[in-house]
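Presented below is the structure to which this report refers.
The values are calculated or read from the model by the stated rules, or taken from the named source; none is laboratory data. These numbers come from a predicted model, not from an experiment. Here the Cβ positions follow ideal geometry from the backbone for every residue, glycine too, while neighbour counts run over all protein chains shown. Surface accessibility is based on the protein's heavy atoms, side chains included, excluding ligands, DNA and RNA. Shrake-Rupley method; radii C 1.70, N 1.55, O 1.52, S 1.80 Å.
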Amino acid sequence: MALKDRVQDLLGQVRDMKAANAEELEALRIKYLSKKGEITALFNEFRNVPPEEKRELGQLLNQLRQQAEGKINEMRELVESQKAKAERLDLTRTPDPIELGTRHPLSLVREEIIDIFSRIGFTVAEGPEVEDDKHVYGMLNFAPEHPARDMQDTFFIEKEIGEQKPTDVLLRSHTSSVQTRVMTSQKPPIRVLCPGRVYRNEAISARAHCFFHQVEGLYIDKNVSFADLKEALLYFAKEMFGPETQIRLRPSYFPFTEPSAEMDISCDLCGGKGCSFCKGTGWVEILGCGMVDPNVLEACGIDSKVYTGYAFGMGVERIANLKYRVKDLRLFSENDVRFLRQFESC
Ligand code: PHE
């Protein structure tokens with residue numbers, strides 16, 4: 001084969017060179033570029049080429065050597081980076097254990113409450129935690145001097161300045177504020193649940209916290225009666241705490257409901273006989289409720305001669321306490337994984 005054809009042939013071989021690792025690459029380098037390599041051999045033969053062919057062949061030969069060197073360098077970089085990657089990847093290492101998170105007990109209980117009431121037509125409404133006096137108290141029939149507004153219960157966003165009244169921006173102390181928002185923006189029939197976090201200025205202890213969670217409910221339509229309220233709450237108590245559960249309504253007072261009541265359920269620890277948990281009474285309190293005061297309906301633009309309604313409100317921590325017997329309320333907000341892990345299977 002003429003020298004020129006051999007150069008062409010080698011150019012083709014160089015183009016198709018492949019090396020999977022450093023050894024194969026070195027073998028290629030030796031085959032073509034070492035002292036006894038094929039390309040080096042061609043340079044030796046070049047000496048005997050007649051002068052008129054030297055120019056063309058010389059260029060071709062240089063091109064061949066450059067391409068071979070370039071390709072080998074390129075492949076060396078590739079092989080080295082693959083080797084570095086492989087070294088970083090320790091295939092013998094045991095994989096990191098996958099830590100599955102758990103639902104927070106308060107989320108579990110809130111979802112269960114919502115689920116139970118959604119089966120009788122309630123939907124969820126949410127509203128802001130930073131509220132104004134009007135939605136938290138004013139429209140809910142709280143007299144201007146009602147003690148719940150007092151600094152002891154309510155966190156105001158700005159302090160009282162001199163003679164000036166405190167600004168009316170505050171942290172909501174109950175989710176009834178969401179109910180006023182729903183009543184002013186929707187027309188009856190209204191059937192909503194208002195879950196959310198609320199704030200009260202209380203000293204933190206095992207039994208009280210400066211924030212907790214509520215689910216409140218509101219149903220407004222024509223002819224809604226106290227019997228409807230009682231029926232819905234009995235259904236809830238049995239679904240939540242078991243079919244044996246009994247309820248008892250005690251007269252109470254809330255500015256926004258008339259009549260108002262507090263609801264107890266039979267103590268499931270002693271079956272109503274009386275124990276230390278229910279302080280010997282056989283009953284434990286779980287929520288407040290009542291018929292929406294006509295003043296509230298009117299303040300929200302609902303005709304109280306046409307519509308009536310009931311409302312109820314419960315603390316999620318309280319329900320969770322009864323379900324899981326958590327003695328210290330603070331556990332719910334400390335996020336100690338040893339506490340939270342206990343709810344893995346719930
Ligand atoms: N809003 C009341 C509270 O925060 C609970 C409640 C709601 C009572 C609705 C009666 C009716 O304690």
Axial C-alpha extent at least 24 Å, average Kyte-Doolittle at least 0.0 - helices from the chain (DSSP): none
Give me the compactness ratio for the chain, meaning the Cα radius of gyration over 2.2 N^0.38 Å. 1.98
Tell me which cysteines of the chain come out unpaired when the rule is another cysteine's Cβ under 4.7 Å. C194, C210, C289, C300, C346
Share of accessible surface on carbon and sulfur in the stretch 3-88, whole %, 1.4 Å probe and ligands ignored, is 48
Leaving out ligands and nucleic acids, and using a 1.4 Å probe, what accessible area per residue does the stretch 3-88 come to in Å²? 70
I'd like the FRET efficiency for R88 and N62, computed as 1/(1 + (r/R0)^6) with the beta carbon distance as r and R0 of 45 Å, rounded to 0.05. 0.70
Interchain or long-range residues, amide H under 5 Å from T257's placed H: D293
Starting from the 7 Å offset along Cα-to-Cβ, what nm value, one decimal, do you get for the label separation of S304 and A143? 1.6
Carbon and sulfur together cover what percent of the accessible area of the stretch 105-343 at a 1.4 Å probe radius? 50
Using alpha carbon centers only, the stretch 74-139 is separated from the stretch 1-64 by a whole-angstrom value of 62
How large is the accessible surface per residue of the stretch 105-343, computed with a 1.4 Å probe and reported in Å² as a whole number? 50
Segments 139-146, 315-322 sorted - mean Cβ within 10 Å per residue, highest first: 315-322, 139-146
By the C-alpha gyration tensor axes a ≥ b ≥ c (rounded if a/c is under 1.5, else prolate when a/b exceeds b/c, else oblate), the shape of the stretch 3-88 is prolate
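Within the set K18/K85; K230/K279; K134/K230, which residue pairs have Cα atoms separated by over 27 Å?
Pairs exceeding the cut-off: K134/K230.
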Quick calc, C346 & F155: beta-carbon distance into FRET formula, R0 35 Å, rounding 0.05, result 0.65
Whether the stretch 258-346 is rounded, prolate or oblate, judged on the alpha carbon gyration tensor where a/c under 1.5 counts as rounded: oblate
